[in-house]
Amino acid sequence: MSQGVLLDELRTILLEERDSGELTTITPDLFQKTSENVKILQQEVYVLEDPFSDDARLLIEKVSSIRATVEELFKIRTDKIVGLALSQAEGSYIEREELRVLIPAELEMFNR
């Protein structure tokens, strides 16, 4: 997965998550793969001879954009999951379909 595609995909997922009142479906390894790709980009910066070059600057900006996008996605999803958990704690029925889109770590958070 190229870094440009990763950022585009993350932005698309973020927009869908913002626009939807419910949780959207994401791949269970989205956050892990994003972390791995950020590490790869950082390594690319470290091996550049000139850390102040345009190439280095572009890579650093990509890392920053990816991090900001994934952090916003995480915040929105976490807010929705906490809202679901509070609704359930208050006695509301939570549709099974809503819980199916949770990745394992999110389901654990919801259950706690």
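The values are calculated or read from the model by the stated rules, or taken from the named source; none is laboratory data. Keep in mind it's a predicted model, so treat the numbers as computed, not measured. Virtual Cβ from ideal backbone geometry, glycine too; neighbours counted across all protein chains shown. Accessible surface is based on the protein model in full, side chains and every heavy atom, while ligands, DNA and RNA are left aside. Shrake-Rupley method; radii C 1.70, N 1.55, O 1.52, S 1.80 Å.
Please note which helices (runs of 4 or more DSSP H) are completely contained in segment 5-112 and include at least 1 residues that are open to solvent by less than 90 Å² (accessible area, probe 1.4 Å) and of a type in the set (Gly, Ala, Ser). Walk me through how you get there before you give the answer.
Numbers: elements: 30-47, 54-89, 96-100, 104-111.
Where helices (runs of 4 or more DSSP H) fall fully within segment 5-112 and carry at least 1 residues being open to solvent by less than 90 Å² (accessible area, probe 1.4 Å) and of a type in the set (Gly, Ala, Ser), they are 30-47, 54-89, 104-111.
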Next on the checklist: Quick check on segment 81-112: of everything there that is more than 14 Å from the chain's Cα centre (by Cα) and of a type in the set (D, E, K, R), which residue is farthest from LYS33 (Cα to Cα)?
Outcome noted: GLU90
Next on the checklist: Need pairs with beta-carbon distance below 7 Å; first residue farther than 24 Å from LEU30 by Cα and within segment 86-105, second open to solvent by less than 60 Å² (accessible area, probe 1.4 Å) and not in a loop (DSSP other than H, G, I, E, B); sequence gap 6+ or separate chains.
Outcome noted: ILE94/LEU84; ILE94/SER87
Item to check | One residue from ILE26, ILE60, ILE81, ILE76 being of a type in the set (Val, Ile, Thr) and farther than 24 Å from ARG100 by Cβ | outcome: ILE60
Item to check | Residues that are farther than 14 Å from ALA68 by Cβ and of a type in the set (A, V, I, L, M), drawn from segment 16-40 | outcome: LEU23, ILE26, LEU30, ILE40
Next on the checklist: Every residue in segment 34-73 that is closer than 20 Å to THR12 by Cα, of a type in the set (A, V, I, L, M, F, W, C) and in contact (Cβ under 8 Å) with a residue 24 or more places away in the chain, please.
Outcome noted: VAL38, VAL63, ILE66, VAL70, LEU73
